[in-house]
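Notes to accompany the following structure.
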Amino acid sequence: MNYLRLATAVLFAVTAQCSYADSIPTFHITEALMFMGPNDGSGDNVGFTFTGPGVRITGTGGMGCFDWCSGLISDTSIANTSQIYVSSFDTAILGGKTYEVGIFDLFDGSGGLNALTSGIAGSDTGSFQFNLTLPTDGSWGLHFAQTVDQNGNPAFYFTHGSFRATAPLPTPEPATVGLMLTGIVGIAGVVKRKAKFRH
């Protein structure tokens, strides 16, 4: 019985240490989708949806692309994506619970995603700080239609852009897995030994 208590205490200590190290929860985005339309001057021309286990974040934002996404251009090669600024969050579900969220530095300078960012989530019961990992393997696909300008010269206008990035869930660190397996094997051994002494 003393061995079982000892093994349980060791496992509890290890778990408590791990939970203390991860006191700020981290949520993992496994798929990021964005859609961009022409900028009509309102600034809100980007919609985004980020999903992962227990996570769904949607919102709108804007990209400063007036030189190529708000009128006719003569050459599509001038289209370069830039920083997206969030206007509002429509949905913010973290760990299966709905929050009002303020997230910082989601987007990098070229309209892609930062690998890691932090935020603060608020609800009726209070607020908490969290981390968010995001996939960084995506890129924008920009689409244009051909037309002519007022002088009859060939021209193009931006119709839409899309972005998709995905990432697998991170695997646990070997040290964490090792500690958990050691604890489980230790408890199993104690239980087996206790059963042996009963017979």
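Output the number of the condition that GLN129 fails; it satisfies all remaining conditions of (1) touching a Leu at 6+ places or on another chain (Cβ under 7 Å); (2) not in a loop (DSSP other than H, G, I, E, B).
Here GLN129 clears every test but (1).
Could we say that GLY152 is out of contact with any helix residue (DSSP H, G or I) (no Cβ under 8 Å at 6 or more places or on another chain), loosely packed, with under 12 Cβ neighbours inside 10 Å and at pLDDT 85 or above here? Don't jump to the end; show me each part of the working.
Working: out of contact with any helix residue (DSSP H, G or I) (no Cβ under 8 Å at 6 or more places or on another chain): yes; loosely packed, with under 12 Cβ neighbours inside 10 Å: yes; at pLDDT 85 or above: yes.
Yes, satisfied.
Could you list all residues from region 88-134 that are out of contact with any strand residue (DSSP E or B) (no Cβ under 6 Å at 6 or more places or on another chain) and on the phi > 0 side of the Ramachandran plot?
GLY95, GLY96, GLY126
Among the residues of region 64-108, which ones are surrounded by fewer than 14 Cβ atoms within 10 Å (Cβ to Cβ) and among the hydrophobic types (A, V, I, L, M, F, W, C)?
PHE66, ILE78, PHE104
Test ALA7 against the stated conditions and say whether it is touching a helix residue (DSSP H, G or I) at 6+ places or on another chain (Cβ under 7 Å) and at pLDDT below 95.
Details: touching a helix residue (DSSP H, G or I) at 6+ places or on another chain (Cβ under 7 Å): yes; at pLDDT below 95: yes.
Yes; evaluated as a whole, the condition is true for this residue.
Of the conditions (1) among the aliphatic types (A, V, I, L, M); (2) without any contact (Cβ under 8 Å) to a residue 40 or more places away in the chain; (3) closer than 23 Å to PHE27 by Cα, VAL101 clears all except one; give me its number.
(2)
Within the group LEU116, LEU134, which residue is at pLDDT 95 or above and either more than 14 Å from THR51 (Cα to Cα) or among the charged types (D, E, K, R) (or both)? Quick ask: steps written out before the conclusion?
Working: LEU134 fails: either more than 14 Å from THR51 (Cα to Cα) or among the charged types (D, E, K, R) (or both).
The unique qualifying residue is LEU116.
Just to be sure before I move on: is ILE120 over 12 Å from the mean Cα position of the chain (by Cα), farther than 30 Å from ASN151 by Cβ and outside any strand (DSSP E or B) in the structure I sent? Break it down stepwise before answering.
On the way: over 12 Å from the mean Cα position of the chain (by Cα): yes; farther than 30 Å from ASN151 by Cβ: yes; outside any strand (DSSP E or B): no.
In short, no.
Between residues in region 106-130 that are farther than 28 Å from ARG164 by Cβ and residues that are β-branched (Val, Ile, Thr) and in a strand (DSSP E or B), which pairs lie under 6 Å by C-beta distance while being six or more apart or on different chains?
SER127/ILE120; GLN129/ILE120
The values are calculated or read from the model by the stated rules, or taken from the named source; none is laboratory data. Computed from a prediction, not measured in an experiment: that's the story for all the values here. For neighbour counting, all protein chains shown are included, and Cβ atoms are generated from backbone atoms with ideal geometry for every residue, glycine included.
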